[in-house]
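The values are calculated or read from the model by the stated rules, or taken from the named source; none is laboratory data. Computed from a predicted model, the values in this text were never measured in an experiment. Cβ sites come from the backbone with ideal geometry, for glycine too, and all protein chains shown count toward neighbours.
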There are 2 protein chains.
Amino acid sequence: MVVAGFEETRLQSRQLAEALGCPWREIEIHRFPDGESRVTVPADLSGTVVVHRSLDRPNDKLVELALAAAALREQGCDRLLLVAPYLCYMRQDFAFHPGEAVAQKIVGQLLARYFDGLVTVDPHLHRIDRLEQAVPLQHAVSLSSATVMSRYLATGARNRLLLGPDEESEQWVEAIARRAGLPYAVADKRRMGDRELVISLPKEAGEFDAVVLVDDIASTGTTLAETAWQLTELGITQIEAIVTHALFCGDAWDRLKQAGIDAVASSDSISHPSNRLFLAPLLADAVREWAS
Amino acid sequence: MVVAGFEETRLQSRQLAEALGCPWREIEIHRFPDGESRVTVPADLSGTVVVHRSLDRPNDKLVELALAAAALREQGCDRLLLVAPYLCYMRQDFAFHPGEAVAQKIVGQLLARYFDGLVTVDPHLHRIDRLEQAVPLQHAVSLSSATVMSRYLATGARNRLLLGPDEESEQWVEAIARRAGLPYAVADKRRMGDRELVISLPKEAGEFDAVVLVDDIASTGTTLAETAWQLTELGITQIEAIVTHALFCGDAWDRLKQAGIDAVASSDSISHPSNRLFLAPLLADAVREWAS
């Protein structure tokens, strides 16, 4: 078994290879001036290959993954596992207007054509229960960052409220809070557009001096920033955030600071200066189970 | 039958619908801040749909095409023809180094999964004879812009040399020259990288005051600019260019002017201010043949 990684998360894929005790190799990408990508896979691979790539800013990466997988097959790699700590297009799970492509399913089917298995972390599944419904593979594994997050939070102060973004997150937030030994609550969130939403804080929020906001994805940062503004209005001065996927599009990072968030911790599913939680051990366990 | 087009070549797809005497509809794209695309197809289509999209700067467009095609199928569209006047990845037709993905074939197979037929213009095929070898569809039609080009050139002066970029282009250049009533020759070109090449002019070049450079793709503009510099050194002052696909990446357009090229005419396969040759009638004939 070999782990093959890409430049943008070279560190993470190397750590995965180390955790597995197997060799690491790089899949090289050259972007031509006309926007096409040239993909070069290591020429001497065969058998089982674990392809590590997170799918934030996904369209270039999806095309390149298809090229890489097909090139690896051509060389005789007969078992390909995709480890995508961040899996794209999972939020587009329903046609909100007639004619909208249900990208979750279409991209899931596309990935399933190129790979034999998939491992991801905290995919944003709303209307389906199991990842296999989105990515039709027998081996489609959805890992939870709850253990990694609670281990990180357990090293800090006790008297902090762990605050989830919406009711849907309650089960996940409860699992993190319980293991970290923290109290928890969830807000109520209604989304009105890419960057507009209405958030109502739970009554427990006013009872703490320190709050840790927790979410699976920080994209535009709107949910975190808006919640932080409201906490500040309640007089809460110590606000931190912990997220699985640090997408942080555009000015998101600045907006969080402006909203009074003192510190952000994220998993290394996407490379970002806020990375504090390292997924390699969790991913390695899942890869071992697939390979066995 | 309906023609469905995208924003960036709305004019061209409308002209195709007009030439076919059929309705035109738009496939809408919204790009989210995180780089994902939302694709919305007209919700009331069924039967045969001609999807018009040129695949320059291709990766976003390829993912969006897959989403659009799958959404159209979901709605009961049972015959999908892709009209891609510019077809991407056709130049990556060989593994120049071990492990290189042969993207021509992999992207061709991807498109063949989503569409029942393909029509394109002047695809850059070097090592294969027929488009079906790249895109495994029974109906994969490669049209030539030669007639459209020669008709345009026939309206200008007679005493101009039509100059092709390399030996491979000779047959195509000869066809254009013959119909336009112009003399022709081809240069010798050796490529050393994305932007480096060595060009040797044919002896005929020195015998004319005016030269029209002809090529299928103008990408970085290096071939056209380098040839123009050499013609200028020979004392030739009137240099024009005619190309099928006006990719013009980055500063290509400025480089052509600096190299002394007075005028550029391109087909409307890719929207560009130099568009002078309109492909709609040619494409419409091919669509009619497929539909009959």
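Where residues in the stretch B:200-215 are surrounded by fewer than 21 Cβ atoms within 10 Å (Cβ to Cβ) and in contact with an Asp or Glu (Cβ under 9 Å, 6 or more places away or on another chain), which of them is nearest to B:Q12 (Cα to Cα)?
B:A210
B:I106 versus (1) buried (at least 21 other Cβ atoms within 10 Å of the Cβ); (2) over 15 Å from the mean Cα position of the chain (by Cα); (3) touching a residue at least 24 places away in the same chain (Cβ under 8 Å): which is the lone unmet condition?
With respect to (1) buried (at least 21 other Cβ atoms within 10 Å of the Cβ); (2) over 15 Å from the mean Cα position of the chain (by Cα); (3) touching a residue at least 24 places away in the same chain (Cβ under 8 Å), B:I106 is out only on (3).
Counting just the residues of the stretch B:261-277 that are in contact (Cβ under 8 Å) with a residue 60 or more places away in the chain and out of contact with any helix residue (DSSP H, G or I) (no Cβ under 7 Å at 6 or more places or on another chain), which one comes out farthest from B:T244 (Cα to Cα)?
B:I270
Conditions tested, residue by residue: (1) out of contact with any Ser or Thr (no Cβ under 7 Å at 6 or more places or on another chain); (2) assigned to a helix (DSSP H, G or I).
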| position | (1), (2) |
| --- | --- |
| A:I106 | yes, yes |
| A:L111 | yes, yes |
| A:T120 | no, no |
| A:I128 | yes, no |
| A:A140 | yes, no |
| A:M149 | yes, yes |
| A:Y152 | yes, yes |
| A:A157 | yes, no |
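In this structure, is B:R191 of a type in the set (D, E, K, R) and within 14 Å of chain A (Cβ to nearest Cβ)?
Yes: the conditions hold for B:R191.
Looking at A:V287, A:V198, A:V214, A:V243, can you tell me which residue is of a type in the set (V, I, T) and in the same structural domain as A:Q15 (by TED's automatic domain parsing)? Walk me through it before giving the result.
Working: A:V198 fails: in the same structural domain as A:Q15 (by TED's automatic domain parsing); A:V214 fails: in the same structural domain as A:Q15 (by TED's automatic domain parsing); A:V243 fails: in the same structural domain as A:Q15 (by TED's automatic domain parsing).
When all the criteria are applied, what remains is A:V287.
Kindly check whether there is at least one residue in the stretch B:257-272 that is at negative phi and touching a Gly at 6+ places or on another chain (Cβ under 7 Å).
We begin by selecting, within the stretch B:257-272, every residue at negative phi; these are B:257-259, B:261-272.
Now restrict to residues that are touching a Gly at 6+ places or on another chain (Cβ under 7 Å): none.
Looking for residues that are at negative phi and touching a Gly at 6+ places or on another chain (Cβ under 7 Å), one finds none in the stretch B:257-272, hence no.
Any idea how many residues of the stretch A:164-188 are among the β-branched types (V, I, T) and part of a strand (DSSP E or B)?
Looking only at that region, the number is 1.
Among the residues of the stretch A:177-190, is any surrounded by fewer than 19 Cβ atoms within 10 Å (Cβ to Cβ), within 19 Å of the chain's Cα centre (by Cα) and more than 26 Å from A:F96 (Cα to Cα)?
no
Go through the stretch B:60-97 and report how many residues are under 16 Å from B:Y114 (Cβ atoms), more than 11 Å from chain A (Cβ to nearest Cβ), in contact with a helix residue (DSSP H, G or I) (Cβ under 9 Å, 6 or more places away or on another chain) and not hydrophobic (A, V, I, L, M, F, W, C).
Residues in the stretch B:60-97 being under 16 Å from B:Y114 (Cβ atoms), more than 11 Å from chain A (Cβ to nearest Cβ), in contact with a helix residue (DSSP H, G or I) (Cβ under 9 Å, 6 or more places away or on another chain) and not hydrophobic (A, V, I, L, M, F, W, C): 1 in total.
Considering each residue of the stretch A:178-214, count those that are under 16 Å from A:L231 (Cα atoms) and charged (D, E, K, R), and give that number. Give the derivation first.
Kept after step one, since they are under 16 Å from A:L231 (Cα atoms), are these residues of the stretch A:178-214: A:184-189, A:197-214.
Within this subset, residues satisfying the condition of being charged (D, E, K, R) are A:188-189, A:203-204, A:207, A:209.
Counting residues in the stretch A:178-214 that are under 16 Å from A:L231 (Cα atoms) and charged (D, E, K, R) gives 6.
Considering only the stretch B:98-134, how many residues are among the acidic types (D, E) and touching a helix residue (DSSP H, G or I) at 6+ places or on another chain (Cβ under 6 Å)? Steps first, please.
Just the residues of the stretch B:98-134 that are among the acidic types (D, E), to begin with: B:100, B:116, B:122, B:129, B:132.
If we keep only those that are touching a helix residue (DSSP H, G or I) at 6+ places or on another chain (Cβ under 6 Å) too, we end up with none.
Residues in the stretch B:98-134 being among the acidic types (D, E) and touching a helix residue (DSSP H, G or I) at 6+ places or on another chain (Cβ under 6 Å): 0 in total.
Scan the stretch B:43-59 for residues that are within 11 Å of chain A (Cβ to nearest Cβ), of a type outside the set (A, V, I, L, M) and over 18 Å from the mean Cα position of the chain (by Cα) and jot them down.
B:D44, the sole residue that qualifies.
Residue check, B:V119 against (1) assigned by TED's automatic domain parsing to the domain that holds B:H245; (2) surrounded by 15 or more Cβ atoms within 10 Å (Cβ to Cβ); (3) modelled with pLDDT of 95 or more, all met but one. Which one?
Failing condition for B:V119: (1).
Taking into account only those residues within the stretch A:244-267 that are surrounded by 23 or more Cβ atoms within 10 Å (Cβ to Cβ) and closer than 12 Å to A:V148 by Cβ, which is nearest to the chain's Cα centre (by Cα)?
A:T244
Restricting to the stretch A:104-124, what's the tally of residues that are among the hydrophobic types (A, V, I, L, M, F, W, C) and either within 11 Å of another protein chain (Cβ to nearest Cβ) or farther than 24 Å from A:L279 by Cα (or both)?
Number of matching residues: 3.
State yes or no: is B:E18 among the acidic types (D, E) and away from chain A (no Cβ under 14 Å)? Give the derivation first.
Values: among the acidic types (D, E): yes; away from chain A (no Cβ under 14 Å): yes.
Criteria met by B:E18.
Whether any residue in the stretch B:17-27 is under 30 Å from A:G221 (Cβ atoms) and not β-branched (V, I, T) is what I want to check.
No, the stretch B:17-27 has no match at all.
Is it the case, given these coordinates, that A:V107 is within 20 Å of A:D56 (Cβ to Cβ), touching a Cys at 6+ places or on another chain (Cβ under 8 Å) and not aromatic (F, W, Y)?
So A:V107 passes the test.
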